[in-house]
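A short worksheet on the structure shown next.
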Amino acid sequence: MQTIRVSIYEDNTKLRDLLELLIGKTEGFAVAGSHPDCRSVVSEIETDRPDVVIMDIDMPERSGIEGVRLIKEKHAEIRVLMHTVFDDDDKLFRCLSNGADGYLLKKDSSAQLVQAIKEVFEGGAPMSPGIAHRVLNAFRETIPAPKNEYRISEREQQVLELLSRGFSYRMIALEILISPETVKKHLKNIYQKLHVQCGPEAVAKAIRAKII
């Protein structure tokens, strides 16, 4: 099993220490780096070489929103999971627009964070309960595209609908009685058809196109 290398960006020293401990003690995880701000994020990512980045939003001098953009410009393959107290629409959509792969609130449990890291590493788009619903509502207000333009199958539509409700790969698999590997294959096909790179982007585009 591949060890998931995780870099942490968090300006709260106590929380950063707790995250280091949680990740360092979790089997299959390793702390690649731990940083109090994003001022040197580009060079730090080159040094850390993480698979997943846990990114706070409100940090001194350079916000996590900017940090996501800088990471994705250089390393689109690195998965970035926002970990924040903010659940307002502006910060949420700015993060997603800059390429964030998931959005978790700090009030969620450590078990949820560990699962979210695994899921985002596997190509999923974990979001706290309520965040996915907010994305859904916001994009439903946009102008629809022709429904059949992207040739999304009925099964793919089911997967997208569950993804938009915040379901994990395993939850989707259980809900529609298929394997997690089949869920991943469906999502890969969905990303190709919609010409997107990640789950939140797929959900947003599917809502705009009235696919879900």
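The values are calculated or read from the model by the stated rules, or taken from the named source; none is laboratory data. This is a predicted model, so every value here is computed, not measured. For neighbour counting, all protein chains shown are included, and Cβ atoms are generated from backbone atoms with ideal geometry for every residue, glycine included.
Quick one: in region 167-212, of everything that is of a type in the set (Val, Ile, Thr) and part of a loop (DSSP other than H, G, I, E, B), which residue is farthest from TYR103 (Cα to Cα)? Only one residue fits best here, namely ILE178.
How many residues are assigned to a helix (DSSP H, G or I) and not hydrophobic (A, V, I, L, M, F, W, C) if we restrict to region 102-120? Give the steps one after another, and end with the answer.
Applying the first criterion (assigned to a helix (DSSP H, G or I)) to region 102-120 yields 110-120.
Now restrict to residues that are not hydrophobic (A, V, I, L, M, F, W, C): 110, 112, 115, 118-119.
So the answer is 5.
If you go through region 185-201 and pick out every residue that is modelled with pLDDT of 90 or more and within 17 Å of MET127 (Cα to Cα), you end up with 1. Taken over region 87-101, the criterion of being under 14 Å from SER128 (Cβ atoms), assigned to a helix (DSSP H, G or I) and hydrophobic (A, V, I, L, M, F, W, C) is satisfied by LEU92, CYS95, LEU96.
Count, please, the residues in region 76-87 that happen to be surrounded by fewer than 16 Cβ atoms within 10 Å (Cβ to Cβ) and in contact with a helix residue (DSSP H, G or I) (Cβ under 9 Å, 6 or more places away or on another chain).
1
So if I check each of VAL41, VAL53, which one is modelled with pLDDT of 95 or more and within 19 Å of ALA125 (Cβ to Cβ)? Write out each step before concluding.
On the way: VAL41 fails: within 19 Å of ALA125 (Cβ to Cβ).
Step by step, each of VAL41, VAL53 is checked, and only VAL53 is modelled with pLDDT of 95 or more and within 19 Å of ALA125 (Cβ to Cβ).
If we scan region 45-57, do we find a residue that is surrounded by fewer than 16 Cβ atoms within 10 Å (Cβ to Cβ) and assigned to a helix (DSSP H, G or I)? Before you say what the answer is, go through the steps one by one.
Of all residues in region 45-57, those surrounded by fewer than 16 Cβ atoms within 10 Å (Cβ to Cβ) come to 46-47, 49.
Then drop every residue that is not assigned to a helix (DSSP H, G or I), which leaves 46-47.
Yes, region 45-57 contains at least one residue that is surrounded by fewer than 16 Cβ atoms within 10 Å (Cβ to Cβ) and assigned to a helix (DSSP H, G or I).
Residues in region 167-185 that are in contact with a Pro (Cβ under 7 Å, 6 or more places away or on another chain) and without any contact (Cβ under 8 Å) to a residue 40 or more places away in the chain were compared, and the one that is surrounded by the most Cβ atoms within 10 Å (Cβ to Cβ) is ALA173.
Any residue that is assigned to a loop (DSSP other than H, G, I, E, B) and at pLDDT below 90 - is there at least one of those in region 61-73? Checking region 61-73: at least one residue is assigned to a loop (DSSP other than H, G, I, E, B) and at pLDDT below 90. Residues in region 134-166 that are outside any helix (DSSP H, G or I), crowded, with 18+ Cβ neighbours inside 10 Å and either of a type in the set (Val, Ile, Thr) or modelled with pLDDT of 90 or more (or both): ILE152 only.
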